[in-house]
1. Can ASP182 be described as touching a residue at least 12 places away in the same chain (Cβ under 8 Å) and out of contact with any Phe, Trp or Tyr (no Cβ under 7 Å at 6 or more places or on another chain)?
2. Select from the range 433-450 the residues that are out of contact with any helix residue (DSSP H, G or I) (no Cβ under 8 Å at 6 or more places or on another chain) and in a loop (DSSP other than H, G, I, E, B) and write down the one among them that is nearest to TYR59 (Cα to Cα).
3. Name the single residue, out of those in the range 9-42 being exposed (fewer than 13 other Cβ atoms within 10 Å of the Cβ) and of a type in the set (Val, Ile, Thr), that is farthest from ALA259 (Cα to Cα).
4. Does GLN251 count as at pLDDT 95 or above and out of contact with any helix residue (DSSP H, G or I) (no Cβ under 9 Å at 6 or more places or on another chain)?
5. Does the range 278-308 hold any residues that are of a type outside the set (A, V, I, L, M), touching a residue at least 60 places away in the same chain (Cβ under 8 Å) and within 30 Å of GLU200 (Cβ to Cβ), and which are they?
6. Please pick out the residue among ALA294, ALA319 that is within 19 Å of LEU242 (Cα to Cα) and of a type in the set (A, V, I, L, M).
7. Answer yes or no as to whether LYS122 is in a loop (DSSP other than H, G, I, E, B) and either touching a residue at least 24 places away in the same chain (Cβ under 8 Å) or closer than 25 Å to ASN361 by Cα (or both).
8. Are any of the residues in the range 191-207 small (Gly, Ala, Ser), part of a strand (DSSP E or B), within 24 Å of ILE81 (Cα to Cα) and touching a residue at least 40 places away in the same chain (Cβ under 8 Å)?
Amino acid sequence: MAEAYKDLDPATMPRSTGLTYQDLLDQDSHAVPEVLRSESPKDMGTNEFSVTRYTTAAYHDKEVEHLWKKVWQMACREEEIPLPGDHMRYDIAGMSFIVVRTETGDIKAFPNACLHRGRMLKEHDGNAAELRCAFHGFCWKLDGSFSDIPADWDFPQVDQDNFDLPALPVAIWEGFIFINPDQNCGPFEDFIKDLAKQFERWELGSLYKAAHVAKVMPCNWKIAQEAFCEAYHVSGTHPQILRSLGDVNSQVDIWENCARVITPGGTSSPLLDYAVSNDDILRTNMDLDHDADAPEVPEGMHMRTFLAERARTNLRPAAGDLVDKYCDAEMIDSLDYTLFPNFHPWGAFNGIVYRFRPNGNDHRSAIMECIMLAPFSGERPAPAETHWLEAHESWSTALGYLGKVFDQDAFNMPRVQEGLESTYQTGVVLSGYQESKVRWLHHKLTEWIGE
């Protein structure tokens with residue numbers, strides 16, 4: 001492990017006042033799984049990372065060459081291409097790839113380019129019997145093997161026995177399809193092992209894609225991503241939820257290729273300088289007005305247990321008895337993981353998955369996506385299509401209450417970009433613990449790209 005990753009002792013490290021996350025787990029009404037009891041805090045130093053990582057095309061170009069052309073990255077869900085011939089485009093930093101289901105049911109990935117004159121083979125997601133170029137008709141089978149050249153007598157230089165589309169490494173984890181543009185990359189199993197170990201209990205592959213919302217954001221992809229990598233910003237950006245969220249008492253854990261921030265729900269922020277009643281916590285959690293009717297919490301029941309029981313009742317029709325096996329924390333807490341560089345699945349029934357990408361080769365804009373996974377009973381529902389928001393449309397129009405929180409984050413993003421373009425600071429200043437997940441991301445970028 002890199003020199004910057006130094007273990008911290010959870011018992012003695014600096015931390016906020018109030019209950020620790022582990023203290024809250026001690027109050028749980030169910031058995032708490034080891035995955036939540038484990039702690040992996042790291043001392044990652046106090047150094048700054050250059051502002052140019054967000055503001056220059058030169059750094060973006062380094063990311064393209066040393067990161068996006070080399071790293072494992074989530075392209076789509078397996079359920080989105082269930083039938084032979086189903087295919088999806090995956091675009092990243094000016095490059096385009098095709099992910100396709102073959103006649104035998106295998107999943108293949110190829111550069112989205114004809115081997116003749118380079119024309120894009122597929123412009124849209126869909127279903128096709130073959131991969132035929134619309135320019136001159138060069139054609140390949142779904143597995144990438146060469147099929148046909150019109151007037152092939154005029155191409156004596158083409159060895160038709162060795163004219164297959166170049167196949168990319170493909171892997172599937174919990175229903176997600178990952179590709180790597182580097183044909184000589186390391187094994188996917190090694191890359192994802194830390195995250196895979198964490199998610200053994202939660203089986204995201206058994207969920208279906210209930211929603212998928214995407215929007216182009218006017219900022220560097222890292223600015224968009226980092227807004228979802230720490231809870232320290234809650235008091236400044238989302239003050240309305242402080243009464244029901246233990247923001248600065250989040251637990252941050254760092255491994256090699258993945259990290260997480262666990263933020264407890266059903267408890268108030270230590271930053272508040274007044275006593276918060278159970279009624280305040282409940283109304284904030286449920287987004288109720290002060291005069292709206294609210295359910296009563298049974299005497300002697302912890303608020304977190306009460307909220308978890310409500311969640312179990314709501315999820316039982318779709319998830320069945322599994323809701324009884326999950327502890328209170330799994331029902332109500334934010335279990336936010338990140339697999340480097342840009343894949344953010346949440347644990348348990350949270351159902352949230354984020355992905356952040358450069359928007360083409362524009363280092364000042366990004367594609368932000370929120371995928372919602374959900375349990376189901378009976379036949380698997382069809383996966384939701386991607387709902388692209390226009391620049392003037394808010395996240396709340398597509399994601400309700402969660403979207404309101406996203407809108408507050410989105411309000412900051414262009415202003416962070418503009419501020420970094422204007423600052424006289426040479427580097428960004430990060431906290432030691434609460435923003436250590438952001439530090440981890442930049443340490444990983446340094447490993448892949450350098451300064």
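The values are calculated or read from the model by the stated rules, or taken from the named source; none is laboratory data. All values reported here derive from a predicted model rather than from experimental measurement. Neighbour counts are summed over all protein chains in view; Cβ atoms, including those assigned to glycine, are modelled from backbone coordinates with ideal geometry.
1. Yes; evaluated as a whole, the condition is true for this residue.
2. So in the range 433-450, the residues out of contact with any helix residue (DSSP H, G or I) (no Cβ under 8 Å at 6 or more places or on another chain) come out as 433, 435-437, 439-440, 443-444, 446-447.
Filter once more, keeping what is in a loop (DSSP other than H, G, I, E, B): 433, 435.
Values: TYR433: 26, GLU435: 22 Å.
Result: GLU435.
3. Checking each candidate, the answer is THR17.
4. no
5. HIS302, ARG304, THR305 - these are the residues of the range 278-308 that are of a type outside the set (A, V, I, L, M), touching a residue at least 60 places away in the same chain (Cβ under 8 Å) and within 30 Å of GLU200 (Cβ to Cβ).
6. Values: ALA319 fails: within 19 Å of LEU242 (Cα to Cα).
None of the others qualify; the one that does is ALA294.
7. Values: in a loop (DSSP other than H, G, I, E, B): yes; either touching a residue at least 24 places away in the same chain (Cβ under 8 Å) or closer than 25 Å to ASN361 by Cα (or both): yes.
For LYS122, the condition - in a loop (DSSP other than H, G, I, E, B) and either touching a residue at least 24 places away in the same chain (Cβ under 8 Å) or closer than 25 Å to ASN361 by Cα (or both) - is met.
8. Scanning the range 191-207, I find no residue that is small (Gly, Ala, Ser), part of a strand (DSSP E or B), within 24 Å of ILE81 (Cα to Cα) and touching a residue at least 40 places away in the same chain (Cβ under 8 Å), so the answer is no.
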